[in-house]
Protein chains: 2
Amino acid sequence: LVRREVVRVITPGTVVEEELLTTESNYLMALFKREKVALAFLDVSTGEFFVTSVKNVDEAICEVLKYSPVECLIPESFEEVEELEKLVKNVRRIEDEQFNLKRSLEVLKDVANFQALELSEEEILACGAVLNYAKNSLLFSKPALKLQKLERSEYMVLDSTTIKNLEIFRNLVDGGRRGTLLDVIDKTVTAMGSRLLKKWLQRPLLDVTEIERRLDAVEELKEKSFVRRVLRETLEDVYDLERIITRLELGKANPKDLVALKNSLKAVGKIKKFDFQSKKLRDLVYGMNPMEELCSLIEKAIVEDPPANVKDGGVIREGFDEELDELRKAKKEQEEFIKRLEERERKRTGIDNLRVGYNNVFGYYIEIPKSKAKNLPRYYIRKQTLVNAERFTIPELKDREEKILAYEERIRILEQEIFERIRREVVRHAEKVKDSAERVAELDVLCSLAEVATLYNYTRPKVNEGFDIIIRDGRHPAVETTTKFVPNDVNLTENSRILIITGPNMAGKSTYLRQVALITILAQIGSFVPASYAVVGIVDKIFTRIGLVDDITRGRSTFMVEMLEIGRILNNATKRSLILLDEVGKSTGTKEGLSLAWAIIEYLHELGAKVLFATHYHELSKLENELAGVKNYHFRLKEENGKVEFDRKIRRGFSKESYGIKIAEMANLPKRVVERAYEILNSENVNGEVPEIVE
Amino acid sequence: LVRREVVRVITPGTVVEEELLTTESNYLMALFKREKVALAFLDVSTGEFFVTSVKNVDEAICEVLKYSPVECLIPESFEEVEELEKLVKNVRRIEDEQFNLKRSLEVLKDVANFQALELSEEEILACGAVLNYAKNSLLFSKPALKLQKLERSEYMVLDSTTIKNLEIFRNLVDGGRRGTLLDVIDKTVTAMGSRLLKKWLQRPLLDVTEIERRLDAVEELKEKSFVRRVLRETLEDVYDLERIITRLELGKANPKDLVALKNSLKAVGKIKKFDFQSKKLRDLVYGMNPMEELCSLIEKAIVEDPPANVKDGGVIREGFDEELDELRKAKKEQEEFIKRLEERERKRTGIDNLRVGYNNVFGYYIEIPKSKAKNLPRYYIRKQTLVNAERFTIPELKDREEKILAYEERIRILEQEIFERIRREVVRHAEKVKDSAERVAELDVLCSLAEVATLYNYTRPKVNEGFDIIIRDGRHPAVETTTKFVPNDVNLTENSRILIITGPNMAGKSTYLRQVALITILAQIGSFVPASYAVVGIVDKIFTRIGLVDDITRGRSTFMVEMLEIGRILNNATKRSLILLDEVGKSTGTKEGLSLAWAIIEYLHELGAKVLFATHYHELSKLENELAGVKNYHFRLKEENGKVEFDRKIRRGFSKESYGIKIAEMANLPKRVVERAYEILNSENVNGEVPEIVE
């Protein structure tokens, strides 16, 4: 009678079990390359499903870094697998035949909006592969999927190095979330909102109208601080609807999920009553569907605090199902009979401390103290002897006990059947629930942006189609939360589009570079920005070369990696791009590094892009006089009574000093070493001729 | 009647469930700081338990990095928590009162060898905290623990930066295991061996005698290749005994664990019969205990392929327990009765296609085609109506069914009881099993080292108390497995203890530095080394400053981090240390960086340590003439017909060229940029005066 379920193979990309997931998106990805490279992403735990195409494998890698899929399917014949395997733990090679047009169309026809999309063959094959794989692994039962096609031309391009260097999703220290842009601006209160905010950061917009609509919504929510508080409290009552509905669709939900769904829909009902001015907020709220009937069904059927497993019983409410009620009643009668039996047997035997008990091995028994266990009626059968007592059963008791066990088994099975019926009813409405879930997510993100704007005193940026980026009192959104921060301006205009930034180590060059990029990104997702005033002309791509990531075991030196990145930047940047370069050239001989830096700036000047170029090469300051769009800026260090201080203010002009030995002193190098370094600095060891090669 | 177990709170450091663990060690750590810092580590899944003391928090961080605990307990008053939280996801602050001497001694008295150890108060408190926490979380039932006290003076010190930079356990690319030293030399076939090898790498030895003993064992196993093969095949049959016995001790084992234990002990029995020459191998094998009686008990009691859960039934073998056999027989009789009942009722009613069936909701029923379901005996009670048939029950059938359900319940409970009895018997011998497990682990590691030595053609190093490190044809153990590798010599002696290494980027400087350190580490764990000949004078500490790890969001610049590390190295190195420095000084102004490098070399020369110093500062080559222990070496680049080639051979003397622009060209920088860079290199932009500060 032991029933077993079909055991499924869980792979990282096809997990739907709550215990095995974080609240983050959990993407299964498939890649297919022919002329273009198509990437399909499916989060089976939420039903999110999208496809995008990129020009080459490099760009594909960038998408992979952005979405961090946990599992990735590639055709066996795909060759550039090494890069991919660095980023994705589970890369699975699938036979090429599996990327098959017929099979793909077969499985895609279940996707509601598939006909409405214009997909390339590569995209269809990638989507088909991902769906087929999920289907096989999950023993799918057709959840309602909607496919989204992402056009890269609609979003700002953030390449993989930039995402890393700007610490948007992961910090550079331990790869964790602390100190990242996402960490700072994520004040969402639902798991769905948190995932959506991440998506917004993965794809900042280029469309000024949509950005403005988001900004209007954020502004309204920022101003209405009381409404926002109540709204966020209500949002908190919405559980992870996307995941719950998917678990229900896949038959992996438990009774608690149903109750959570009901409570979430009730919260949706409350949210629908909120009244807003801005178009975005009105649209969002208007379309919400609290599905009262479904709520009422769940409420009637399921008890308020059910166990996590249907099999534990007590899931279905009294009064919902006649047969169940009867079985429960019948079981209860048997139990009551046993209670009465105790009283009766006391009278019959005249033994006052006779008692009916129960244990797991022997079942029900009648216990009688040893001293009195004599001359019992003949129908008493001995079961067990204890130190002070004897245990018996009687046919009647045995009979009732067997009945109770049988009723329990029946009740359990019937509860499971009813639960399954209700589950199916809920799944019929899956699409509507998903739609409300998306609206909740977006509302939550907008609230979060309003909350952040209030908390950290952000202002609304003016986003337009122009060239300029002008920021007053800009701050680094993450760094300012952990330390006293000195704001700085930036003026990037046609006449001042390349800034050469010099100054000592630690004065704040890298932070300055990063904050300009982060403010631009925030503006283009529709967020307020950490500044007192900001104009942001839409940027199409951001490139960075900051910090150093070594790649030595793969046979490339630091310098080679740097040059490869620079090559990629020069070949992909446009006039609308923003480029951050930090100490380019430092990992090779001094004169050669300087020459390269010089030539790179000339090239970018001709291209017309906006560039922030931090450097220790003082010679580069000469460029201001030669190129119309170049301006020198610098940070400096104050020395007073032998104590060094940074004021962290950026200023026009350039700085010659690097203060390297001073910083070494601050870092507790032995005093002898520091003093000796100063001596050497002024000796001809440093300033003299370099000897010729000796062998 | 539904029974529930006490649910325990699983924390990352107290997991013992197999599905939640990898084969790696899973440490719970407690830290207590007073004069010294004590660190106690407990792996509850294997029972491994050790404590160590370090001078300060910096050194503690280094231990944390080495052992990667998954959970860490600290007193609330401990302040330097930030560093720790970067490395350990789950840092728990415990009230200071919990670090209490009385409570600690209380819980430590259950640890068998506790009295024999000399522990400081800090150590006792750390051990107590860790044990108490594990006890509360696991609802402990006194597993047999043995505490090990690690003395740092017995092991080579590898600081955290060095462990990272040398890619011993994790690579720098993605933090994974691929391409690490551990990855290359881990050919172990048991989980226990794999964990022990990691421990050996965490603590290379300083004791020449013990190193030689390990080398003898490796040599013997290397020579006896056939014996090794058979031995490793036998080792493969040993399951993760440490984890199995711990799960048994904690009452979390399942029937499959018992069978695995039995099969493992049988393999131990086979291993015990191997005959060896070297002391280490003889000792290991001699002490193994195959525990025949225990094996035989398990064999008699448990079926060969039991289900994973006792509750699924069918775990206990027929013939082991009389009561169980009887219950099973009784159940079977009832089932057979029902079978006969079908035949009987057919005859009684005259309906040939009457049949007895079973379903989950209604239980047993008698099904009769509709057409014939008339004029049935009166004791037929209708249960259910189908389209073509009617289903009935009769009192007799109902009665038997209830009996079957009741027997099943009893059988299940009795099987659990017997299983528990056997578990307890096994646990009585836990210590002996653990001892054999340790021996298996060490044997597996030695086999692995022999296997690696054969596979990659390693040679036995001469390890001694001298100063020199002399290597002929040394290779980088990880890099050589992925690419054609050019071996290089190294001579580190009193007269040549500081090597200044110049040459172009990508020529192999960093790899060369790393391979010298890795060969030293391999020698001191008792492994053969990738070289044709090697003398290794015992090294007490290895320090490195290679590659760059940024720490910018924490307010420190690359250069500051570099100088902090250099400061730490200069303050902690001894004459016996090996120090690797790569491009020290490059992140600040050129002249200041050079002056610092110069002063640092002078300092280390006086100290007498062995140093490999890679640099682009050609000026440093002058030091060879000034300091007796300094020698110049270089790599070079061949240019033929405009094609560049590295020969990756290290040579005496120094190189002036960096070939930076050449490498930029190889990295596909636009041709215009490269040509322009060569022009600028020869212009006065680079060679002229630097302008004064302009504001």
statement: Within segment A:347-365, restricting to residues that are in contact (Cβ under 8 Å) with a residue 12 or more places away in the chain, out of contact with any helix residue (DSSP H, G or I) (no Cβ under 7 Å at 6 or more places or on another chain) and closer than 21 Å to B:L414 by Cα, the one that is surrounded by the most Cβ atoms within 10 Å (Cβ to Cβ) is A:Y365
- prompt: Quick one: would you say A:V315 is closer than 27 Å to A:K256 by Cα and surrounded by 18 or more Cβ atoms within 10 Å (Cβ to Cβ)?
  reply: yes
Those residues of segment A:300-334 which are among the small types (G, A, S) and within 13 Å of another protein chain (Cβ to nearest Cβ), in sequence order: A:A308, A:G313, A:G314, A:A330
message: Here are the criteria: (1) part of a strand (DSSP E or B); (2) in contact with a helix residue (DSSP H, G or I) (Cβ under 6 Å, 6 or more places away or on another chain). Tell me which single one A:R472 does not satisfy.
response: (2)
message: Among the residues of segment A:65-81, what is the count of those that are in contact (Cβ under 8 Å) with a residue 60 or more places away in the chain and part of a helix (DSSP H, G or I)?
response: 3
- request: Give segment A:384-411 a look and list any residue that's surrounded by fewer than 17 Cβ atoms within 10 Å (Cβ to Cβ) and farther than 17 Å from A:F337 by Cα, or say none.
  value: A:Q384, A:T385, A:L386, A:V387, A:N388
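Listed here are the residues, each with its yes/no results for (1) farther than 30 Å from B:R152 by Cβ; (2) outside any loop (DSSP other than H, G, I, E, B).
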site: B:K222; (1), (2): yes, yes
site: B:T234; (1), (2): yes, yes
site: B:V238; (1), (2): yes, no
site: B:E242; (1), (2): no, yes
query: Can you tell me how many residues in segment A:583-633 are within 7 Å of chain B (Cβ to nearest Cβ), assigned to a loop (DSSP other than H, G, I, E, B) and over 40 Å from the mean Cα position of the chain (by Cα)?
result: 1
- request: Determine which single condition A:V51 fails, assuming it passes every other condition in (1) β-branched (V, I, T); (2) out of contact with any Gly (no Cβ under 9 Å at 6 or more places or on another chain); (3) over 18 Å from A:E123 (Cα atoms).
  value: (3)
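Could you list all residues from segment A:12-49 that are within 13 Å of A:R195 (Cβ to Cβ) and in contact (Cβ under 8 Å) with a residue 60 or more places away in the chain?
Taking segment A:12-49 as the starting set, the residues that turn out to be within 13 Å of A:R195 (Cβ to Cβ) are A:21-27, A:41, A:43, A:45-48.
Result: A:L21, A:T23, A:E24, A:S25, A:F41, A:S45, A:T46, A:G47, A:E48.
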- prompt: Would you call A:K331 surrounded by fewer than 16 Cβ atoms within 10 Å (Cβ to Cβ) and in a helix (DSSP H, G or I)?
  reply: no
- prompt: Is it the case that A:L376 is in a helix (DSSP H, G or I) and at pLDDT below 90?
  reply: no
- prompt: Looking at A:R382, A:R391, which one is at negative phi, part of a strand (DSSP E or B) and touching a Ser or Thr at 6+ places or on another chain (Cβ under 8 Å)?
  reply: A:R391
task: Mind counting the residues in segment A:128-152 that are at pLDDT 80 or above, in a loop (DSSP other than H, G, I, E, B) and within 20 Å of A:N100 (Cα to Cα)?
output: 1
query: Inside segment B:478-491, can you point out the residues that are under 17 Å from B:K649 (Cα atoms) and not β-branched (V, I, T)?
result: B:E480, B:K484, B:F485, B:P487, B:N488, B:D489, B:N491
task: Scan segment A:111-122 and report the pairs whose first residue is without any contact (Cβ under 8 Å) to a residue 60 or more places away in the chain and whose second residue is part of a loop (DSSP other than H, G, I, E, B), with Cβ atoms within less than 7 Å and a gap of 6+ or a chain change.
output: A:N113/A:K146; A:N113/A:L147; A:F114/A:L147; A:L117/A:L147
message: Among the listed residues A:R497, A:R514, identify the single one that is charged (D, E, K, R) and within 18 Å of A:E167 (Cβ to Cβ).
response: A:R514
message: I'd like the full set of residues that are of a type in the set (S, T, Y) and over 25 Å from the mean Cα position of the chain (by Cα), limited to segment B:207-234.
response: B:T209, B:S225
field: Per-region count, segment A:562-572, residues surrounded by fewer than 23 Cβ atoms within 10 Å (Cβ to Cβ), hydrophobic (A, V, I, L, M, F, W, C) and within 29 Å of the chain's Cα centre (by Cα)
entry: 0
query: Conditions: (1) modelled with pLDDT of 95 or more; (2) under 30 Å from A:Y659 (Cβ atoms); (3) surrounded by fewer than 24 Cβ atoms within 10 Å (Cβ to Cβ); (4) not β-branched (V, I, T). A:A531 meets all but one. Number of the miss?
result: (3)
statement: Within segment B:571-600, the residues that are touching a Phe, Trp or Tyr at 6+ places or on another chain (Cβ under 6 Å) and β-branched (V, I, T) are B:I579, B:T588
- prompt: Would you say A:I368 is surrounded by 14 or more Cβ atoms within 10 Å (Cβ to Cβ), away from chain B (no Cβ under 14 Å) and part of a loop (DSSP other than H, G, I, E, B)?
  reply: no
Among the residues listed as B:I418, B:I404, B:I394, the single one being in contact (Cβ under 8 Å) with a residue 24 or more places away in the chain, of a type in the set (A, V, I, L, M) and under 30 Å from B:S264 (Cα atoms): B:I418
Cross-chain or 6+ apart pairs with Cβ under 9 Å, segment A:149-177 first and more than 16 Å from A:S510 (Cβ to Cβ), then among the hydroxyl-bearing types (S, T, Y) and part of a loop (DSSP other than H, G, I, E, B): A:V157/A:S577; A:F169/A:S68; A:F169/A:T180; A:R170/A:S68; A:R170/A:T180
- request: Please tell me if B:V440 is within 31 Å of the chain's Cα centre (by Cα) and buried (at least 19 other Cβ atoms within 10 Å of the Cβ).
  value: yes
- prompt: In the set A:L65, A:L87, A:L101, A:L117, which member is over 24 Å from the mean Cα position of the chain (by Cα) and surrounded by 15 or more Cβ atoms within 10 Å (Cβ to Cβ)?
  reply: A:L117
message: I'd like the full set of residues that are at pLDDT 80 or above and in a loop (DSSP other than H, G, I, E, B), limited to segment B:637-666.
response: B:D647, B:R648, B:K649, B:I650, B:G653, B:F654
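The values are calculated or read from the model by the stated rules, or taken from the named source; none is laboratory data. Everything numeric here is computed off the predicted structure, so don't read it as measured data. For neighbour counting, all protein chains shown are included, and Cβ atoms are generated from backbone atoms with ideal geometry for every residue, glycine included.
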